[in-house]
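*Asks:* What follows is a structure written as structure tokens; I'll ask about it next.
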Amino acid sequence: MTDPLHPSSHLRSITAALVGTFVLRIASAVMGSMIQLYLGYIDRSIYPLSATMRGIALAVFFLPELIGAPVLGAWSDRYGRKFFIWFSALTGGLGAQLAALTTNFGALVVTRLLAGLSTASAFPATLGLLSAETCADESLRGRVMGLFQLATIGGTVIGILIGGR
């Protein structure tokens, strides 16, 4: 937690969390778009993939997010948020790098699981951090949580728009 005597440290933490959320959402949406294009390339050029297989590869992202977010959120409250925010960057980056190195369907499903785990780790920890940083000011908390939603939606929209490029 930041030093209560230095409000600028709170602002830096809040800003970093919001920018990180924005970047994570852009990366997640870009990867979601790119994996669809990549699976299409694999289907046309390397080996056939059914629509069901492609759908599974896309949907499996949400499994660790759905199951993992409550667990990782509780752990981030108990053990500290920094590790879980760091872990999110590690799993997301690892998933993106592995996806670039393989055309194996099973490995690509694992990369989607890693991406989902990244989101499941980041969001509860980030929301917990923002709540802790704004606990003394309800007005600030409302503005920050609104900015968090804007960063989430804006990052997703931008990621979708640039994902196919």
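*Asks:* With a point put 7 Å past each Cα toward its Cβ, work out how far Thr52 is from Ile160 in nm, to one decimal.
*Replies:* Taking the simple label geometry, Thr52 and Ile160 are separated by 2.8 nm.
*Asks:* Okay, next question. First compute the accessible area of region 1-133 with a 1.4 Å probe, then give the percent of it belonging to carbon and sulfur atoms.
*Replies:* After summing per-atom areas, the C and S share lands at 72 percent.
*Asks:* Rolling a 1.4 angstrom probe over the protein chains, ignoring ligands and nucleic acids, what is the accessible area of Thr52 in square angstrom, nearest 10?
*Replies:* 90
*Asks:* Here is a further query. In a Gaussian network model over the chain where Cα atoms closer than 10 Å are linked, find which of Ala27, Ala51, Ala59 has the largest mean-square fluctuation.
*Replies:* Ala51
*Asks:* With percent of Cα pairs over 19 Å apart defined as stated, name the option among (i) 68; (ii) 57; (iii) 63 computed from the structure displayed.
*Replies:* Here percent of Cα pairs over 19 Å apart agrees with entry (ii).
*Asks:* Kindly sort Asp77, Asp137 by accessible area of their heavy atoms, largest first, with the probe set to 1.4 Å.
*Replies:* Asp77, Asp137
*Asks:* Can you compute the FRET efficiency between Val71 and Met145 using 1/(1 + (r/R0)^6), with r the Cβ-Cβ distance and R0 = 25 Å? Round to the nearest 0.05.
*Replies:* That pair, Val71 with Met145, gives E of 0.65.
*Asks:* Considering the zone a paramagnetic label at Gln97 would reach in this model (a point 7 Å from Cα along the Cα-to-Cβ line), which residues of region 111-135 have amide N under 18 Å from it?
*Replies:* From region 111-135, the list is 111-119.
*Asks:* I'm checking a number: the convex hull volume of the Cα atoms of region 20-72, normalised per residue, in Å³. What is it?
*Replies:* Numbers: hull volume 4.3 nm³, N = 53.
In region 20-72, the Cα convex hull volume per residue is 82 Å³.
*Asks:* Just the accessible area per residue of region 79-142, please: how many Å² with a 1.4 Å probe? Could the numbers behind the result be given before it?
*Replies:* Numbers: 3080 Å² over 64 residues.
Value returned for region 79-142: 48 Å² of accessible area per residue.
*Asks:* Report the one residue of Gly146, Tyr79, Leu66 whose Cα lies farthest in the direction of the positive end of the charge dipole of the chain (charges on C-beta: Lys and Arg +1, Asp and Glu -1; origin at the Cα centre).
*Replies:* My answer, from the dipole projection, is Leu66.
*Asks:* Just going by the charge dipole of the chain, with Lys and Arg at +1 and Asp and Glu at -1 on Cβ, which of Thr15, Ile46, Leu130 is farthest out on the positive end?
*Replies:* Farthest towards the positive end: Ile46.
*Asks:* If you take the beta carbon distance between Val109 and Tyr79 as r and set R0 to 25 Å, what does 1/(1 + (r/R0)^6) give as a FRET efficiency, to the nearest 0.05?
*Replies:* Rounded to the nearest 0.05, the efficiency is 0.30.
*Asks:* So, counting K/R as plus one and D/E as minus one, what does the shell of residues with Cβ under 12 Å around Ala125 add up to?
*Replies:* Every neighbour counted, the sum reads +2.
The values are calculated or read from the model by the stated rules, or taken from the named source; none is laboratory data. All values reported here derive from a predicted model rather than from experimental measurement. Note that we place each Cβ from the backbone using ideal geometry, even for glycine, and neighbour counts take in every protein chain shown. The accessibility values were calculated without ligands, DNA or RNA, using every heavy atom of the protein model including side chains. Shrake-Rupley method; radii C 1.70, N 1.55, O 1.52, S 1.80 Å.
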